[in-house]
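The values are calculated or read from the model by the stated rules, or taken from the named source; none is laboratory data. What you see is a predicted model; the values in this text were computed from it and never measured. As a convention, Cβ positions derive from the backbone with ideal geometry for all residues, glycine included, and neighbour counts pool all protein chains shown. These area figures cover heavy atoms from the full protein model, side chains too; ligands, DNA and RNA do not enter into them. Shrake-Rupley method; radii C 1.70, N 1.55, O 1.52, S 1.80 Å.
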Amino acid sequence: MAKVKTTFFCQSCGSQYSKWQGQCNACKEWNTIVEEVIQTPEKSDWKSPTAAVKKAAVPLRVKDIDVSKEPRLDTFDGELNRVLGGGIVPGSLTLLGGEPGIGKSTLLLQISLKLPYKTLYVSGEESQKQIKMRAERINPNNNNCYILTETKTQNIFKQIESLEPDVVIVDSIQTLHSDYIESSSGSISQIKECTTELIKFAKETATPVILIGHITKDGNIAGPKILEHMVDTVLQFEGDRNHIFRILRANKNRFGSTNELGIYEMQGSGLREVTNPSEILISKKDEELSGNAVAATLEGMRPLMIEVQALVSTAVYGTPQRSATGFNAKRLNMLLAVLEKRAGFRLGAKDVFLNITGGITVDDPAIDLAVVASILSSNEDVALEKDFCFAAEVGLSGEIRPVQRVEQRILEAEKLGFSTIFVSKYNKISLKNTAIKVQMISKIEDLVGFIV
Ligand code: TYD
Ligand code: MG
């Protein structure tokens, strides 16, 4: 009998050690190193005994490699297609990560039910009945989607060989285990092994595989970083569980850009694609209220109009409170300091609360000017004109800085019927005959003139 080989893995970062030690040298975590049984690599094949002998690769000139007709499978979901760069590439491995309860299983089940191809949805997390109940809510009349509740990879591949699905979905990679490895599901060596087997299967049969991955409490995909290196595409599904919007973005994409993003709305019957996010994010009000301002931001490549709300009030307690939802609190403090120093507003003794509506977190610097405008509006208790919007960054000396792709923002604001957009004087704009007035400003004082 072959000798059992073991190695020590850090459960936090995946580093490998030949003997146990208390602290991981790589990530400096304590007590994360665990002994795991490993096997010789040649055994770990997705269909071990009859594995096809691969043809040896030959080097080719870059210009001789044919990619022109790289086929993609349409996912019949506009948002997912956009994020993937035009559909799923055959033989690719995609990893979808996100907080528990955000809707990963719902999204992929919904995709499986929409696809006209034969899809196999492998679940190690829920029973067939549970999935059926969910499917009833989404789309009960589908004949191409097969559900398998199994966690052992060898059994999964046996089913795949007889079913021959066009797309395989695995929920989740952390629940799988392979017979070749003795450690428990979710351990570093199991995740590595199961992913390797799935990659071999995907590449040899040109079947796309989509994996769901759990994330750790600090937001990274659970398991070794190597998982993210091994797969072709890493998608992140995010949003606030208490709000209806969900954002799908690509953190890594070997077949497309990582700038695109998809927006969904969680409904009683699954996730709905949101094609006009700006219209939904801006509340339609009859009255003008102080403290509200609209920013023309970009999320990925898409323009998105977002409403910013500020409340400035006299501090009741000694230390004023500053709180921001959906916006970086440090950046809020910086903007308040700029307003105090450069425009003479006494905000040091005021409580300031800031909220980005819709549960969205924005890190586009172009939202700065809208934040400043909403704070000034609330501080002075005068409402802004309701068809004003803003797209510029604010610098430390109170200068209004240019932002990227300003023309796209202007066109989106125009489309949604805004009358005036405030941008930096230093932005080069070559748009002509726009219905919207483009107000160029260079200093924060210029903005004050329009508000108070
Ligand atoms: P789920 O997809 O299981 O999340 P994950 O796999 O990321 O852990 O759960 C999504 C949540 O969405 C769940 O709390 C219930 C809710 N939901 C709806 O609001 N509408 C629906 O149609 C479905 C299927 C789920
Ligand atoms: Mg799930």
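From the list 392, 373, 366, 337, pick out the single residue that is in the same structural domain as residue 423 (by TED's automatic domain parsing), among the small types (Gly, Ala, Ser) and closer than 13 Å to residue 451 by Cβ. Please lay out each step first, then the result.
Values: 392 fails: closer than 13 Å to residue 451 by Cβ; 366 fails: closer than 13 Å to residue 451 by Cβ; 337 fails: closer than 13 Å to residue 451 by Cβ.
Going through 392, 373, 366, 337 in turn, just one is in the same structural domain as residue 423 (by TED's automatic domain parsing), among the small types (Gly, Ala, Ser) and closer than 13 Å to residue 451 by Cβ: 373.
Which members of the stretch 266-320 meet the condition of being hydroxyl-bearing (Ser, Thr, Tyr), outside any strand (DSSP E or B) and more than 16 Å from ligand 1 (Cβ to nearest atom)? Scanning the stretch 266-320 gives 275, 278, 283, 317, 319. One residue stands out in the stretch 337-351 among those that are more than 18 Å from residue 443 (Cβ to Cβ) and of a type outside the set (A, V, I, L, M, F, W, C): the one that is surrounded by the most Cβ atoms within 10 Å (Cβ to Cβ), namely 350. As a summary of the residue check, residue 163 satisfies the conditions (1) in contact with a helix residue (DSSP H, G or I) (Cβ under 8 Å, 6 or more places away or on another chain); (2) modelled with pLDDT of 90 or more except for the one numbered (1).
A count restricted to the stretch 254-288 and to residues that are open to solvent by 20 Å² or more (accessible area, probe 1.4 Å) and either in contact (Cβ under 8 Å) with a residue 24 or more places away in the chain or touching a strand residue (DSSP E or B) at 6+ places or on another chain (Cβ under 9 Å) (or both) stands at 21.
Within the stretch 134-145, residues that are within 16 Å of ligand 2 (Cβ to nearest atom) sit with their Cβ atoms under 9 Å from residues that are in a loop (DSSP other than H, G, I, E, B), at 6+ positions apart or across chains, in these pairs: 134/126; 135/142; 137/268; 137/269; 138/269. Scanning the stretch 213-257 for residues that are aromatic (Phe, Trp, Tyr) and touching a Leu at 6+ places or on another chain (Cβ under 6 Å) yields one hit, 237.
For (1) in contact with a strand residue (DSSP E or B) (Cβ under 7 Å, 6 or more places away or on another chain); (2) not small (Gly, Ala, Ser), each residue gets a yes or a no:
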position: 159; (1), (2): yes, yes
position: 162; (1), (2): no, no
position: 172; (1), (2): yes, no
position: 187; (1), (2): yes, no
position: 195; (1), (2): no, yes
position: 198; (1), (2): yes, yes
position: 206; (1), (2): no, no
position: 212; (1), (2): yes, yes
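Screening the candidates 342, 409, 346, 405 for the property of being basic (Lys, Arg) and farther than 21 Å from residue 439 by Cα yields one hit, 346. So for the stretch 441-449 (the condition being among the small types (Gly, Ala, Ser), under 32 Å from the mean Cα position of the chain (by Cα) and open to solvent by less than 20 Å² (accessible area, probe 1.4 Å)), does at least one residue qualify? So far as the stretch 441-449 goes, no, none of its residues is among the small types (Gly, Ala, Ser), under 32 Å from the mean Cα position of the chain (by Cα) and open to solvent by less than 20 Å² (accessible area, probe 1.4 Å).
Restricting the stretch 76-89 to residues that are part of a loop (DSSP other than H, G, I, E, B) and touching an Asp or Glu at 6+ places or on another chain (Cβ under 9 Å), the residue that is farthest from residue 166 (Cα to Cα) is 85.
Exactly one residue out of 373, 383 is open to solvent by 10 Å² or more (accessible area, probe 1.4 Å) and more than 25 Å from residue 264 (Cα to Cα): that is 383. Against the test of being more than 8 Å from ligand 1 (Cβ to nearest atom) and either over 19 Å from residue 207 (Cβ atoms) or touching a residue at least 24 places away in the same chain (Cβ under 8 Å) (or both), the options 99, 79, 125 yield a single qualifying residue, 79.
For the stretch 18-59, the set of residues classified as modelled with pLDDT under 60 and open to solvent by 40 Å² or more (accessible area, probe 1.4 Å) consists of 40, 41, 42, 43, 48, 49, 50, 52, 53, 54, 55, listed by residue number. Total residues in the stretch 416-452 satisfying the condition of being in contact (Cβ under 8 Å) with a residue 12 or more places away in the chain and not in a loop (DSSP other than H, G, I, E, B): the figure is 18. Taken over the stretch 224-264, the residue count meeting the criterion of being modelled with pLDDT of 90 or more, more than 11 Å from the chain's Cα centre (by Cα), in a strand (DSSP E or B) and away from ligand 2 (no atom under 16 Å from the Cβ) is 2. Beta carbons closer than 7 Å, at least 6 apart along the sequence or on distinct chains, pair a first residue in the stretch 178-197 that is over 13 Å from residue 9 (Cβ atoms) with a second that is open to solvent by 20 Å² or more (accessible area, probe 1.4 Å) and part of a loop (DSSP other than H, G, I, E, B) for 180/39; 185/151.
The single condition from (1) within 16 Å of ligand 2 (Cβ to nearest atom); (2) open to solvent by 50 Å² or more (accessible area, probe 1.4 Å); (3) acidic (Asp, Glu) that residue 171 fails is (2).
If you go through the stretch 391-407 and pick out every residue that is within 28 Å of the chain's Cα centre (by Cα) and either at pLDDT below 90 or part of a strand (DSSP E or B) (or both), you end up with 4.
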